[in-house]
1. Show the residues, 5+ positions off or on another chain, whose built amide H is closer than 5 Å to the amide H of Ile456.
2. Note the full-extension length gain between Asp312 and Asn514 as 0.36 nm times their separation in residues minus their Cα-Cα distance, in nm to one decimal.
3. Relative contact order of the stretch 27-173: what whole-number percent is it, with Cα pairs under 8 angstrom and at least 6 residues apart?
4. Which one, Ile460, Pro88, Leu157, projects farthest toward the positive side of the charge dipole computed for the chain from Cβ point charges (K/R +1, D/E -1)?
5. Just order 95-104, 206-215, 248-257 by mean Cβ neighbour count inside 10 Å, highest at the front, would you?
6. Just flag the trypsin sites (Lys or Arg not before Pro) in the stretch 42-140 sitting in loop per DSSP whose Cβ has no more than 16 other Cβ atoms within 10 Å.
7. State the dimensionless ratio Rg/Rh of the stretch 99-190 (Rg: radius of gyration of Cα atoms; Rh: Kirkwood radius).
8. Rounding to the nearest 20 debye, state how big the charge dipole of the stretch 335-397 is about its Cα centre with +1 on each Lys and Arg Cβ and -1 on each Asp and Glu Cβ.
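The values are calculated or read from the model by the stated rules, or taken from the named source; none is laboratory data. Everything quoted here is computed from the prediction, not taken from an experiment. Methodologically, a virtual Cβ is constructed for each residue, glycine included, from the backbone with ideal geometry; neighbour enumeration extends over all protein chains shown. To get the accessible areas, we keep the full protein, side chains included, count just its heavy atoms, and leave off ligands, DNA and RNA. Shrake-Rupley method; radii C 1.70, N 1.55, O 1.52, S 1.80 Å.
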Amino acid sequence: MALNIPGVISLSVFYILTLATGVWASWKSKKDQKNRNSTEMAIVGGRNINVFIGLFTATATWVGGAYINGTAEIVYLPSKGLLWVQAPVGFALSLLIGGFFFVNPMRMRNYMTVMDPLQEIYGNMMGSLLFIPPLLGEVFWFAAILASLGATIRVILDIGSSLAIIISAFTVIVYTLMGGLYSVAYTDVIQLVFITLSLWVCIPFALMNSATGNIYYTATHKSYQAAWIGKIEKQYLGRWLDDFFYLVLGSIPWQTYFQRVLSSASLGQARLISYLSGLGCFLMAIPPVLIGAAAASTDWNQTSYGLPSPADRGESAMILPFVLHYLCPAYVSVIGLGAISAAAMSSADSALLSASSMFAHNIYRKILRKEATEREVLWILRASMLVFGTGAAGLAFYSYSIYDLWFLGGELVYALLFPQLCCALFVPNTNTYGSATGFLVGLLLRLLAGEPALKIPPVIRYPGCSFVKGTYIQLFPFKTFTMLLTLGTIIAVSYLAAFLFKRNLLPRRWDVCNIIKEASTLIPLQQMEKQMDLQMIALEEHRD
């Protein structure tokens, strides 16, 4: 296939427009900074992001390349289908729960990152351990996005994926480094508009192609493959529920989410952004669902792709770019490529800023150099963007294994970080002993359950574990079980440790985490904080 010159030009224009928007947003952030400190401007936009921008950036963060590509792929897969597309409902419920329960305590204490309450309750040492899962998750996420984008550009434009990865990473790093959250938020507006318009332009061409059957008929009837509506067999119900709860609850403890709600101008706006972005995520799933349905209804032998089909060749992950390339005219496929590029970049910049923010604010400022100036922290933030961005771009060349590492990192965040955050915000008197024990228990349980994609055999075989094609598959909802056991361990060990030290059943000199001393000072502090919270809520409501 020859190089698609018009496509290269179109994509170059999009990248230049995105970079220009990021540079303009950087200039605007400096203009709006006024008396706000520079680190706060870079991490949470000076807590001055309006509802419109906040809604766009929150929606675009979740509607990334993995979201639209993954949705189309699952609908297309003969073994899955629409009933296995859980992300739209899962993300919507996650944002609803986050807005209802988590936004208020995070905003009332003026936190800047998701790690702040963990360090405040469990200490800096425990906070540094809890920083590892989200850091790995964000970096692997960035790398997976770049890998997916590189593969897509290679299919449609016949450009080497390595070159596409390098250019995309460079663009994202430059505008994120220059403007922080302002650049990320304003480029998200451009990117979300591109995603919406581009996908909807492509859908009629894909559905009306002569090789594509009637998707209403193929939804429930077998044609070229199984019906794309899919089915959930009884033995897979536990796994389906496990994945669903993982998406709903495991999507909350990410800095990419809290960065949006903590940057809004008021509590009411933060909640509104969370609720509406959940609706936006659900609606943005419609185009990739239709594209996946079109692919499942296509006789690929009538296209230049030929037989075997993408599913039979093991290329289902590329089904969205295949539909754009083989079922749409060339100029339309280039427009669709703009949607995929925009979706990828809207999530990549969020992941990069998130990881860098936590390192600069929670590790460097609070642990490594407590006397660091604002200017120094800002430069560390920028340096970490370069390091994490370059590292993620390097990992993106190993596209197959990086996806598996990203999934494992996300599961560790669900199993380890979500229960820690819940206890820090909602369960009084949990302490470092409980946190450390819960972390260890959760980590061991998750790793001992194995990971088929990484060829790690399970040591613990839960009920329903089956051996399929040389690989053990856990059908028991072990991810949610691990999360709940971690939660119970944190609470039980925290209260047990406090009981043993208070009753002098253990010598006070063994209390290396000083929980007895901290508990005696925390009670009046918590009472004062509650009074301040009530006053702040009243003030926020008055502003709204």
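1. Close amide H contacts, sequence-distant or interchain: Glu451.
2. So the chain would gain 66.7 nm between Asp312 and Asn514.
3. With pairs under 8 Å counted, the relative contact order is 14 percent.
4. Comparing the listed Cα positions along the dipole, Ile460 ranks first.
5. Packing proxy ranking, top to bottom: 248-257, 95-104, 206-215.
6. Arg109
7. In the stretch 99-190, Rg relative to Rh is 1.10.
8. 220 debye
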